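Working notes, structure below.
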Amino acid sequence: MDTEQLSEALDQLDDRVVWDAERMLTQAVDLGLRARELGDPLLIARADLTRANLDMRTGDLVSAAQRVPDILRRAAELDAHALLARTHALWSTIYRHLGDASNSLEHAVQSVTLLDDTATDHMQIWHRSKLADALSLNGSLSEARAYYEKAVELAAAKDQSRLGLLVLNNLAYAECGAGHQEAARRVADRLREHAARNGFELTAPLLDTIGLIEIENHDYSRAEKTLLACLEQHASHPDDDADALPEYLLSLARAQRGLGAYERAQENLDTSRRLCAERSLGHVLVKVHQEQAQLHAVRGNFAEAFAAHESFFDAYVEMRSLEDEARARTRHAILQTAQARQDADRFREQARRDPLTGLQNRRYVDEVLAGLIASGQDLVVALADLDYFKRINDLFSHDAGDQVLVRVARVMQDEVSSLPGAFVARMGGEEFLLVLPGILPEHAAHLLERIRRSVDRHAWDTIAVGLHVTVSTGAAWCPGSSGNGFRPTQRDLLATADENLYAAKRTGRNRVFHDLPELSHPGPAAPPTGAR
């Protein structure tokens, strides 16, 4: 599998309409291993996101939450808009599971804002649908409707009719959950018409949604037929989540209670209760106890109804406790991951900084300079060395020497601060490196000369009476383009700058020496007296 085939395989997993999460998780792990073999950073990040998404879908919300922040950081570094959009969409879903409506909405907005030409048709449709879900969760159903309808329009325009069916399902569920039962019924009718028009069988989850809406509209006879069809679909395609069948049976029992078919309702409720016990489905069992209390009550068995209501209350309290604990674990994982990332970033930054001057250090240079050379832009590097620095330490103290290094660093940093991508590094001792990307050589020459003059004319006697400091600089140029396509290595470029620095020292110090085109004359030689 090459990079193109792997990218297509990841798209197929991410854009699936029907999910078999356990099997797909195995595929995602295999694709992640292949991405690492290929060494492609974007494919590795994409595979990691697919893995996180499937972790969430298999119920491991903590693992998903731990993975996402690092994926988001890498996606930003790669400037990969589609990956960023997918990552924000997953963050939105995680926060929805945590009951954090505002954060869910914030990330859903980002997931849509980042959509561009690199996004798949599935993303263009589904991300708008998930934004609608988040708006509905935040109580903004009128705005949610607009995004649901836009997603439906896009699905029709992009020949994604099965995905359009799922969007209609979400809209119907949102209307029902908001108590707008007539609107929910109209959307359910659209859902049936859409399926019939495109030759789709309604899947069990879709039939369950329609059945619930029919129950809320007191159309119990039709709801029973719908939910019996739901069970038939589940029997022929039993790949739904573990809680699906108990939920379908519970819905059917509700419809049958509405019809007055109490024996059938009790039979289905008992089966749902048994499955909940076998599969440890506490969240469904709570609803089973609640329905049992209502079924006893409608049959006039008030003592049993009261006992069932007590069971419901106990189960509800336990469920909320377990949910709160799970949410706390997930939030703790998110905070721990964020803190670990901040610590890692801080330690990494500290490792790339010179503690005395605050400038970048040699490690940072080794990390970034080769990439700047390979980028193909104009680049000037300059090695600057303080003249007679040992004399400063010997005559004025090492503390004075440290103050000199800090002030020289400040002078250099002030000069390059307005140049995009430019930086100054302390290479060790009294030697500094200036890296100036995207600058014309004559402009670089003038800048280096300004630095030389600023150091030479600085009020050094504020550190120690009689102190005077000068700097010698050697520069090298890496042109943005050349006829033969040759680009020097980092070692070549620094070696040239070092040779020119040696020439500046040899020809009198306190001067800039280079082989850049169209340059001004080297600076004047330093006076032969004093500690320089």
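From its DSSP helices (H runs of at least four residues, each -39,500 (n - 2.57)), the chain gives a residue-normalised ellipticity at 222 nm of -23500 deg cm²/dmol.
For the stretch 45-83, list residues with backbone N below 20 Å from a point placed 7 Å from the Cα of residue 118 toward its Cβ? What the label zone holds, given the 20 Å backbone N cut-off, is 45-53, 68-83.
Computed over the stretch 124-188, the convex hull of the alpha-carbon atoms projects to a mean area of 3.6 nm². Computed in the context of the full set of protein chains, the accessible area of the stretch 105-236 at 1.4 Å probe radius has 49% of its extent on carbon or sulfur.
The Kirkwood radius of the stretch 175-228, taken over pairs of alpha-carbon atoms, gives through the Stokes-Einstein law at 20 °C and 1.002 mPa s a diffusion coefficient of 193 µm² s⁻¹.
In debye to the nearest 20, how big a dipole does the chain give about its Cα centre with +1 on each Lys and Arg Cβ and -1 on each Asp and Glu Cβ?
On the way: 60 positive and 80 negative charges, 297 e Å.
That gives a dipole near 1420 debye.
Projecting the Cα atoms of 196, 419, 245 onto the dipole axis of the chain, where Lys and Arg carry +1 and Asp and Glu carry -1 at the beta carbon, places 419 farthest toward the positive end.
In this simple spin-label model, placing a label point 7 Å from the Cα along the Cα-to-Cβ direction at both residue 158 and residue 362 gives a separation of 5.2 nm. Between residue 103 and residue 313, what is the FRET efficiency for a Förster distance of 22 Å, r being their Cβ-Cβ separation, to the nearest 0.05? Efficiency, rounded to the nearest 0.05: 0.15. Each eigenvalue of the Cα gyration tensor of the stretch 193-265, multiplied by 5 and square-rooted, gives one semi-axis; in descending order these are 20, 15, 9 Å.
Using Cα atoms only, what is the angle between the long axis of helix 398-416 and the major principal axis of the chain, expressed in degrees (0 to 90) to the nearest 10? So the inclination is approximately 70 degrees. The angle separating the long axis of helix 244-259 from the principal Cα axis of greatest extent in the chain is about 40 degrees.
Just to make sure I understand: if all protein chains stay in place, what is the order of 477, 91, 126 by accessible area at 1.4 Å, largest first?
Details: 477 85, 91 15, 126 55 Å².
Highest to lowest solvent-accessible surface, that is 477, 126, 91.
The residue list 184, 462, 164 was ranked by how far each Cα lies along the charge dipole of the chain toward its positive end, using unit charges on Cβ atoms, and 462 comes out on top.
Shown for the stretch 32-108 is the translational diffusion coefficient from the Stokes-Einstein equation, using the Kirkwood radius over Cα pairs, a temperature of 20 °C and a viscosity of 1.002 mPa s: 172 µm²/s. When the Cα positions of 380, 218, 489 are compared along the charge dipole of the chain, 380 comes out farthest toward the positive end, with charges on each C-beta of Lys, Arg, Asp and Glu.
The separation of the stretch 66-106 from the stretch 197-228, counted between C-alpha centres, amounts to 34 Å. In this structure residue 135 has an accessible area near 20 Å², from a 1.4 Å probe over the protein heavy atoms. When you restrict to C-alpha pairs under 8 Å that are six or more residues apart and normalise by the size of the stretch 138-204, the relative contact order lands at 25 percent. Only one item in [x] 198; [y] 208; [z] 158 matches volume of the Cα convex hull per residue in Å³ derived from the coordinates shown, and that item is [x].
One-quarter of the Cα convex hull surface for the stretch 342-481, in nm²?
Values: hull surface 35.7 nm².
Result: a mean projected hull area of 8.9 nm².
Note on the stretch 87-153: the C-alpha convex hull projects to 4.0 nm² when averaged across all orientations. Accessible surface area normalised per residue over the stretch 73-199 is 44 Å², counting heavy atoms of protein chains with a 1.4 Å rolling probe. List nothing, just return the count: lysine pairs in the chain, 8 or more apart or interchain, with Cα separation under 23 Å. Close lysine pairs under the 23 Å cut-off: 5. When Rg and the Kirkwood Rh are both derived from Cα coordinates, the Rg/Rh ratio for the stretch 1-151 amounts to 0.96. Peptide packing: for 461-469, 28-36, the average count of neighbouring Cβ atoms within 10 Å per residue gives the ranking 28-36, 461-469, highest mean first.
The values are calculated or read from the model by the stated rules, or taken from the named source; none is laboratory data. All values derive from a computational prediction rather than experimental measurement. Here the Cβ is made from the backbone with ideal geometry for all residues, glycine too, and neighbour counts use every protein chain on show. In case anyone asks, the SASA skips ligands and DNA or RNA and just uses the protein heavy atoms, side chains included. Shrake-Rupley method; radii C 1.70, N 1.55, O 1.52, S 1.80 Å.
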